[in-house]
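Read the structure below first, then the notes.
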């Protein structure tokens, strides 16, 4: 065999791939592992950001918040909206029909045993489910139905030692001066978002107005699909009267945004490091494989194949085995992230950080993100790994002498 | 309800009217009479506060000025470590002067559950509303031979009180307040206030001079208030200012 064509080389490589099944499976497994790790890693990184965003948009804040510029600077009822007429008209013009007025204020909760300061949220019980998932997360009792009622995060209720049906005193000092009301606890929320469960307090908008002396609301919570908050906020902003503005949730999460964006930036070098490790694993597997087959290569050279052809044959073998591994990795990786994006198996792992950093609004539920872009990420990782891996065996094949190779032990 | 009076009788610090009781007293009227006695006279007095805890106790001596209405000025005289600390109450607002910092601070809403000088009375208790405002009143029938009347107070809807029930014990003849027991919303008694000694003032009023607050949940937690050296008479308006809070007031 003096000059084998690419077809022949390909056939030889394909035959060798399946003739050395154990080696092939080992290489494919290593590549598959690298692909799975890459897919899972980026899916986790995106899932973390979306988890934080989702928790804040649907549990802690709102997808989009409309309020006065002054209120965003100093969220006190005195900077709230005394009338909602103008903003309602503006939202109608902007084509927004899913929104809910809210009245947020600081107050003191008093049970017979203990008192605790909290931020309270006055809401319209029927409008709130449009923008918030909290009403659907009442695990004991029910959501608000009218004035005179209050719903608490279950962990806050535990700290206050207050049960369903019992009265809780809410005190505050705002536009109306010092005011207090006794409200009946009708529901306990178990949202799975630590800041809601630990600090959530919801009362009827009418009670909030009575306590604070504000006739309207401090802000409006607007519905927006996840990931489209910026666009909705920009559209609404253009229609609002002077002095009012709209912010997407991501603008209002404060240091959490910085943290998540920093985590995203950190994930890039970590991802590259992951690719490097994958390359090392594939390279070492291929090197061992090539070294073990030195005598076989000597026979092939003795039969007439030249060194460059041998090198290409080894590369083709690597490409085929790597391709099999990558496809296997895609299958396994996407199966894994599909499962973890639909089942809360990772949430418990985040419990420790959620306990420590409850103000961050980290959710007890954590889902990975599904995106076709991970095919490209994993392909890049595998290609980088394969290029590094094929270099040594191919160079070695080019320098291999049949006589030396046949004596290789 | 101003601070000094509540301290003087612990929460309902003093009282008792001399109005003759009706043969079939109206419970709300009885409570109104009792609470009305809180409108004590303007006076200067020395209050002694003994805070007892298991295995230890601490005594405070306080100089108190009150206008008999919504204003009072309290200054800690003893112990030395706390001397100079002062409290100015005007209506439901409370200002605190800390001599170490040399600063006056207004008590925020979140601080109203703090215990007054570590005693069994909180600032929230001290600035609480009148019992008659927040509760429905019923008279519990005792035996004919009983020398007490028990008023059972249950919160009105939306009343800003965390208690499930309050029982007010009055003397059946003199209608003098003897005891107040606070229950949680599960029927468990959490705290009581016993008014142990009273002296008659001019005009048929009484001044409670010895009272005891007990934490019924934690054994050994109790606070005793005694009043001495009282001097009934008008107190100048300038004694209820932030300047007086920092520097004191002599008249």
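From other protein chains only, count the Cβ atoms within 10 Å of every residue's Cβ in A:162-174, then give the mean. Could you put the intermediate results ahead of the total?
Working: counts 3, 2, 0, 1, 5, 10, 3, 9, 1, 8, 1, 4, 0.
Partner-chain Cβ atoms within 10 Å, mean over residues of A:162-174: 4.
If you count, for every residue in A:176-183, the Cβ atoms of partner chains within 10 Å of its Cβ, what is the mean? Before the final figure, lay out each step's value.
Details: counts 0, 3, 6, 1, 10, 3, 10, 2.
Mean partner shielding for this stretch: 4.
Report, in deg cm²/dmol and to the nearest 500, the calculated mean residue ellipticity at 222 nm for chain A, where each DSSP H run with n ≥ 4 adds -39500 (n - 2.57) and the sum is divided by the residue count. All intermediate terms of the calculation are to be shown ahead of the outcome.
Values: 16 runs with 225 residues, N = 409.
The helix contribution divided over chain A gives -18000 deg cm²/dmol.
Could you please rank A:223, A:207, A:197, placing first whichever residue has the fewest other Cβ atoms within 10 Å of its Cβ? Walk me through the numbers on the way to the answer.
Values: A:223 19, A:207 22, A:197 25.
Going from sparsest to densest Cβ surroundings: A:223, A:207, A:197.
Over all pairs of distinct alpha carbons, what does the Kirkwood formula give as the hydrodynamic radius of segment B:142-215, in Å?
Numbers: mean 1/r = 0.0731 Å⁻¹.
Roughly 13.7 Å, rounded to one decimal.
Quickly rank A:60-68, B:180-188, A:320-328 as a protection proxy: mean count of other C-beta atoms within 10 Å, highest first.
Working: A:60-68: 25.2, B:180-188: 17.3, A:320-328: 21.2.
Going by the mean number of other Cβ atoms within 10 Å, highest first, we get A:60-68, A:320-328, B:180-188.
Please state, as a whole number in µm²/s, the translational diffusion coefficient that the Stokes-Einstein equation yields for segment A:201-270 at 10 °C and 1.306 mPa s, with Rh defined as the Kirkwood radius across alpha carbon pairs. Before the final figure, lay out the partial values.
Numbers: Rh = 15.1 Å.
In µm²/s, the coefficient rounds to 105.
Got a sec? How would A:137, B:80 order by Cβ neighbour count within 10 Å, fewest to most?
Values: A:137 23, B:80 8.
Ranking A:137, B:80 by Cβ neighbours within 10 Å, fewest first, gives B:80, A:137.
Tell me, B:156, A:265, B:71, A:257 in order of fewest to most beta-carbon neighbours within 10 Å? Can you show the working numbers first?
On the way: B:156 13, A:265 9, B:71 21, A:257 17.
Ordered from fewest to most neighbouring Cβ atoms within 10 Å, B:156, A:265, B:71, A:257 come out as A:265, B:156, A:257, B:71.
Please report the equivalent ellipsoid semi-axes of the protein assembly as shown, computed as sqrt(5 x eigenvalue) of the Cα gyration tensor, largest first, in whole Å.
78, 27, 22
List the extent of the Cα atoms of segment A:62-252 along each of their three principal axes, largest first, rounded to whole Å.
49, 35, 26
Just so you know, all these numbers are worked out from the coordinates, no wet-lab data involved. Here the structure is a predicted model, which is why all the values come from computation and not from measurement. Because the Cβ atoms are built from the backbone with ideal geometry, glycine has one as well, and the counts that use them run over all protein chains shown.
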